[in-house]
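The values are calculated or read from the model by the stated rules, or taken from the named source; none is laboratory data. Being a predicted model, the structure only gives us computed values, none of them experimental. Cβ placement follows ideal geometry from the backbone for every residue including glycine, while neighbour counts extend to all protein chains displayed.
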Amino acid sequence: MASHILLFTFASALILASRSSVGQEFFSPSLDDSLPPDCVLKVVRDAASSNDISSNVGGGESFCISASAVNEAFRLARSKVGIFSAPRKPRTSVEEDLLAEALQETTRLLKGRFKLTDDEIWGGLPLLDTSETEIVDWCPDRLSLRRTCPPRLSRYRSYDGSCNNEGPLSWAQGASMQPFPRMIPPVYGDGVGQPRRSISGRPLPNARLVSATVHRDLGFHDHAVTLMFLAWGQLLDHDVTFTAEAKNPGTNTEPQCCDNPRANPNCATLTVPFDDPFYAKYGRRCIEFMRTPAALRPGCRLGTRSQNNELTPAIDASFVYGSTMQVARSLRLGAGGQLASLDILPSGLKPLLPLKIRFPDDGCTRPSQDIFCFLAGDNRVNEQLMLTVLHTVFVREHNRIATELAIINPHWRDETLYQETRAIVAAIVQHITYDEFLPVLLGKDGMAKYDLRLEPEDYYNLYQPGLNPTVPDSFGTAAFRFGHSLLPSTIERWSPAHRYISSIRLSAVLRQPFSVYRPGRMDELILGMVNQVSQAMDEAVTSEVTTHLFRKPGAPFGRDLASINIARAREHGVPSYTRFREYCGLPVPNTWLEFAQDMSHNVTALEYSNVFESVHDVDLWSAGICERPLPGSMVGPTFSCIIGKSFRQLRRADRFWYENPDHPGAFSPEQIRSIKQMTLARMLCDNSDKIETIQNFVLLLPDPDLNPRVSCRSSVIPRLDLSLWQDLNISK
């Protein structure tokens, strides 16, 4: 590999068709009259190396990939995956998945026929114009390269995030259901789509073996960070990433692949070693796991396997509102700009989230058919109790703001109240993330290095048209899963007087959020989250998720989150830890002794050396949470690099970023200054039931000198001045 590719989308690769940062050049027939008329991609190889492509100098070989060759491969691929009908555009997600598999198989067949290198598959094939082939007759209209955005910029975000950023293929910039981009090229076992293998070519060590060897539960705790920090991080992750899943049609539930390996074509269960220290006691040899369905690129272009992000990747509070118009509408009350809620608690207690009536067992472990989980903009609202609590807080906040805006602007209709409130809530999420969360995670130096510090009062003028507001695959599959190291073994409840009440095992509240139905429980859980210390940021992961993840009631075991994290990145082709060290400009260890110098504990390198062949095989997530933290940061330099660059791009590429003045719905300077006074503490005060005191910085433990508890009525916790949104335009 000549040099690493910086973060870019497939869309940008299509537009910059004659340039690639791995030293490749491809020419379309329209640029070279000497090419055969059937040629859809000319490949020119440098004579010095068969692994690189350059301009046609120095006697290098060149050849054409013809439309007929692509058509032949596509027909064979369709037959293999079971698509035999006449040309028809997919009508369902299942049909799109099948088409994506057919295009991956087409890539594999072309690789064999033309002996394409990994670089050519990654950097070349996506440039092939499939509109000149039979593929165009199958490609969904939503991915058409001819699709355009309205000429007039919108005041509000689209529900699916499309047309966020201006520039080529702007409809895809920030849109949901688009492939995750890559910071560096993927490393697939076959160069196309098979899970990553060792640099020796042999299979990587068993994922469960790595988990049981390196990520044992040691029970250490951090001494400053609260559980609220972890909860906010997961909520934020659920705002920007959701890897597409394979579900059972009709019920939308997960196939049980351990019981029936043929239940779904994406079944890829994880094998448990015979001598596993936990699962062997129960004779368990299988952990449920499914491959992420292959994704379609814009224009149905060819290339390595990619995976869809089902969400709008910008920070836009989509966990509240959804990432499609259909979901957004299903969550609205239809009057006063309000979101739907469930008002069943005694007088004086605020409403809960609405019930999940459709597909009630999707992401929910119900004790009986008459008990329901909750509905929100993100389907993972019920994944664990802390998420359910924060989702509830945000729906209450939306309705609180919409109610006040309706009083200030009685002429505003439901749509205006809803959209203006939605924009304010998204701005609050952005502000809390960059003002409270990221400084704790990355430290002062990390915030400065990646230009993440907020402007004190003024606008942010570094918005970049043409840049995609999204996060890379390595962020979602590895770096932003750092929080799994922080997960506690129990969830605590605390009283309004900030006294410990009781706790419940974490595994008992995964996909079981039913305790919030009890009067007063919301406040007790909020106060528990701001008073309970999280586990330490290190290699240890609580056994509540490494042996009991999503455990069914009465069962003695569940799944292993660490094994799933490792396997997920491998099947996405995410390169190893050392490859990302190189990408980030960090020293790359070549021996286990050098590797140990980057780890928090020397014994970690010894544990890895007992299961891995080489330091260059170690998985990114696994080593990333073990890496020695930077001064003032919770993470090491590799995760700091991936996370820092990702959040810098989210800010610079988002046309609707709350500090950006360059769009029709931009906030006034006075409104921005008011938003910048908002804290998560204020949101918890305003949307709890009866909490009276709380520390100002709720992501950190209370301290009488540095972080004292103050009254919710105090001006120390500023309020958002909604009078600044007064608008006398009666046409709204």
Which residues, taken from the range 659-681, are within 27 Å of ASN696 (Cβ to Cβ) and in a loop (DSSP other than H, G, I, E, B)?
-> GLU659, PHE667, SER668, LYS676, GLN677, MET678, THR679
Name the residues in the range 714-727 that are more than 23 Å from VAL395 (Cβ to Cβ) and assigned to a loop (DSSP other than H, G, I, E, B), would you?
-> SER714, SER715, VAL716, GLN726, ASP727
Which of (1) among the hydrophobic types (A, V, I, L, M, F, W, C); (2) out of contact with any Ser or Thr (no Cβ under 7 Å at 6 or more places or on another chain); (3) more than 30 Å from PHE557 (Cα to Cα) is the odd one out, the single condition PHE482 does not satisfy?
-> (3)
Just checking, how many residues over the range 192-204 are within 21 Å of CYS267 (Cβ to Cβ) and either touching a residue at least 24 places away in the same chain (Cβ under 8 Å) or buried (at least 16 other Cβ atoms within 10 Å of the Cβ) (or both)?
-> 6
Counting only residues that are in contact (Cβ under 8 Å) with a residue 60 or more places away in the chain, more than 25 Å from the chain's Cα centre (by Cα) and within 22 Å of GLY233 (Cα to Cα), how many does the range 685-705 have?
-> 8
Please specify each residue of the range 212-239 satisfying the condition of being of a type outside the set (D, E, K, R), farther than 22 Å from GLY632 by Cα and under 22 Å from the mean Cα position of the chain (by Cα).
-> LEU235, HIS238
Quick one: count up the residues across the range 203-258 that are polar (S, T, N, Q) and not in a loop (DSSP other than H, G, I, E, B).
-> 5
Restricted to the range 205-226, and to residues that are among the hydrophobic types (A, V, I, L, M, F, W, C) and surrounded by fewer than 24 Cβ atoms within 10 Å (Cβ to Cβ), which residue is modelled with the lowest pLDDT?
-> PHE220
Test: residue in the range 158-181 that is of a type in the set (D, E, K, R) and outside any loop (DSSP other than H, G, I, E, B) = no
From GLY554, GLY573, residue being in contact with a Phe, Trp or Tyr (Cβ under 6 Å, 6 or more places away or on another chain) and farther than 26 Å from SER633 by Cα | GLY573
Among the residues of the range 318-356, which ones are under 23 Å from ALA406 (Cα atoms), hydrophobic (A, V, I, L, M, F, W, C), in contact with a strand residue (DSSP E or B) (Cβ under 7 Å, 6 or more places away or on another chain) and not in a loop (DSSP other than H, G, I, E, B)?
-> LEU339, LEU342, LEU352
Output for the range 160-184, where each listed residue is in contact with a helix residue (DSSP H, G or I) (Cβ under 8 Å, 6 or more places away or on another chain) and surrounded by fewer than 20 Cβ atoms within 10 Å (Cβ to Cβ) = PRO168
Of the candidates TYR463, TYR434, TYR450, TYR459, the one satisfying the condition of being surrounded by fewer than 20 Cβ atoms within 10 Å (Cβ to Cβ) and of a type in the set (Ser, Thr, Tyr) is TYR459
LEU452: part of a loop (DSSP other than H, G, I, E, B) and more than 22 Å from the chain's Cα centre (by Cα), yes or no?
-> no
Please enumerate the residues belonging to the range 646-658 that are surrounded by fewer than 24 Cβ atoms within 10 Å (Cβ to Cβ) and either charged (D, E, K, R) or assigned to a loop (DSSP other than H, G, I, E, B) (or both).
-> ARG648, ARG652
Kindly list the number of the only condition in (1) in contact with a His (Cβ under 9 Å, 6 or more places away or on another chain); (2) in a loop (DSSP other than H, G, I, E, B) that fails for SER622.
-> (2)
In the range 202-255, which residues are within 22 Å of LEU441 (Cβ to Cβ), among the charged types (D, E, K, R) and out of contact with any Ser or Thr (no Cβ under 7 Å at 6 or more places or on another chain)?
-> ASP237
Taking the range 251-263 as the region of interest, how many residues are out of contact with any Asp or Glu (no Cβ under 8 Å at 6 or more places or on another chain) and either surrounded by 14 or more Cβ atoms within 10 Å (Cβ to Cβ) or under 11 Å from ASP362 (Cα atoms) (or both)?
-> 2
Please find, within the range 607-627, the residue that is surrounded by the most Cβ atoms within 10 Å (Cβ to Cβ) out of those that are closer than 16 Å to PRO575 by Cβ and of a type in the set (Ser, Thr, Tyr).
-> SER622
Residue match in the range 315-325 (condition: among the acidic types (Asp, Glu) and surrounded by fewer than 18 Cβ atoms within 10 Å (Cβ to Cβ)) | no
For GLU594, state whether it is closer than 27 Å to ARG291 by Cβ and surrounded by fewer than 18 Cβ atoms within 10 Å (Cβ to Cβ).
-> no
Within the set of pairs 6 or more residues apart or between chains, which connect a residue that is in the same structural domain as THR133 (by TED's automatic domain parsing) inside the range 72-93 to a residue that is at pLDDT below 90 and aromatic (Phe, Trp, Tyr) with Cβ atoms less than 9 Å apart?
-> ARG78/PHE84
Within the range 370-422, which residues are more than 24 Å from ASN309 (Cα to Cα), modelled with pLDDT of 95 or more and among the acidic types (Asp, Glu)?
-> GLU397, GLU404, ASP414, GLU415, GLU420
Given the structure, is PRO469 under 25 Å from the mean Cα position of the chain (by Cα) and under 20 Å from ALA231 (Cβ atoms)?
-> no
State whether one or more residues within the range 689-699 are in a helix (DSSP H, G or I) and closer than 30 Å to PHE180 by Cα.
-> no
In the list PRO410, PRO367, PRO360, which residue meets the criterion of being free of Cβ contacts under 8 Å to residues at least 12 places away in the same chain and not in a helix (DSSP H, G or I)?
-> PRO410
